[in-house]
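The values are calculated or read from the model by the stated rules, or taken from the named source; none is laboratory data. Being a predicted model, the structure only gives us computed values, none of them experimental. Cβ: placed from backbone, ideal geometry, glycine included. Neighbour counts: every protein chain shown.
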Amino acid sequence: MSNTTVADPRKLAAAESAAALVQDGMIVGLGSGSTASLAVRALGRRVAEGLRFTGIPTSEKTAELARSLSMTLSTLAEHSRIAITIDGADEVELGSLDLIKGLGGALLREKLVAAATERLVIVVDESKLVTRLAAERRPLPVEVVAFGWQTTAERLKALGADWTLRTVEGGRPFVTDGGNYTLDCRFQTVPPAIDLQRQLDQTIGVVDHGLFLGMTSQVIIGAANGVSVLRRES
């Protein structure tokens, strides 16, 4: 997203609210995707005003943006515990605040950072709220090993997935920062998310998937009538 792009004011308000949670000296996970980039830019404005923190980016694209905003960056190898991560999501399930992520192509690094985070803050607009994951509008991204990906796709089909290989211009497979492919999956009958997670975790060739269960601390929602916050039910 360029500086000249006009941001959705709902997303912008939510992103700025999330950025305001960061304090001096924190280790901060920096998410990927269009909404997360708004939060990174909001943090960049705070850095220009004197805020100092160390960022752990979840993608090469986010790292590039953060460097352009003069942020200090590090890695999980150097900071295994993260105070707060600000990221976006493709779906947020009401009540549980479980997520689908990965349509931006960075789900593996996003999950690694989220798993090391004390407080995962998700920034979305109200269109991302659903009553049940993977049952409505958006596919579930599944990151797979490039070698023999067709056989992995067959195993996913046996689980009930109708898959599409994610591609880029020219029809070439989209390659993640980890060198893997992504299969966007839709299910005719969607099992409970915890069961689907277990099935995917046990599928040979699957590196990871876009189900982020039990990880979210709070969701900041940008809506036409202002910003609201949801917290996970205990």
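Some notes on this structure:
- Meets criteria (under 25 Å from V121 (Cα atoms), of a type in the set (D, E, K, R) and without any contact (Cβ under 8 Å) to a residue 60 or more places away in the chain) for R198: yes
- Residues that are in a loop (DSSP other than H, G, I, E, B) and out of contact with any strand residue (DSSP E or B) (no Cβ under 9 Å at 6 or more places or on another chain) within segment 21-46 comprise just one, D24.
- Residues in segment 143-158 that are farther than 21 Å from E110 by Cα and surrounded by 15 or more Cβ atoms within 10 Å (Cβ to Cβ): W149, T152, A153, R155, L156.
- Test: A14 is closer than 12 Å to V123 by Cβ and surrounded by 18 or more Cβ atoms within 10 Å (Cβ to Cβ): yes
- In segment 165-178, the residues that are outside any loop (DSSP other than H, G, I, E, B) and loosely packed, with under 13 Cβ neighbours inside 10 Å: T167, E169, G170, G171
- For T164, the stated conditions do not hold, so it cannot be described as touching a strand residue (DSSP E or B) at 6+ places or on another chain (Cβ under 8 Å) and farther than 22 Å from E136 by Cβ.
- Residues (assigned to a strand (DSSP E or B), within 19 Å of L112 (Cβ to Cβ) and of a type in the set (A, V, I, L, M)) located in segment 206-234: V206, V207, L211
- Residue check for R166: closer than 24 Å to I84 by Cα, in contact (Cβ under 8 Å) with a residue 12 or more places away in the chain and not β-branched (V, I, T): no
- Taken over segment 85-136, the criterion of being hydrophobic (A, V, I, L, M, F, W, C), more than 20 Å from R186 (Cα to Cα) and assigned to a helix (DSSP H, G or I) is satisfied by L112, V113, A114, A115.
- So T203, is it modelled with pLDDT of 95 or more, more than 21 Å from the chain's Cα centre (by Cα) and either surrounded by 14 or more Cβ atoms within 10 Å (Cβ to Cβ) or assigned to a helix (DSSP H, G or I) (or both): yes
- Count of segment 179-193 residues which are surrounded by 13 or more Cβ atoms within 10 Å (Cβ to Cβ) and either touching a Gly at 6+ places or on another chain (Cβ under 6 Å) or more than 18 Å from A153 (Cβ to Cβ) (or both): 4
- Subset of segment 47-80 that is among the charged types (D, E, K, R) and not in a helix (DSSP H, G or I) - its residue that is surrounded by the fewest Cβ atoms within 10 Å (Cβ to Cβ): E49
- Residue among A114, A89, A134 that alone is small (G, A, S), under 23 Å from R166 (Cβ atoms) and modelled with pLDDT under 95: A134
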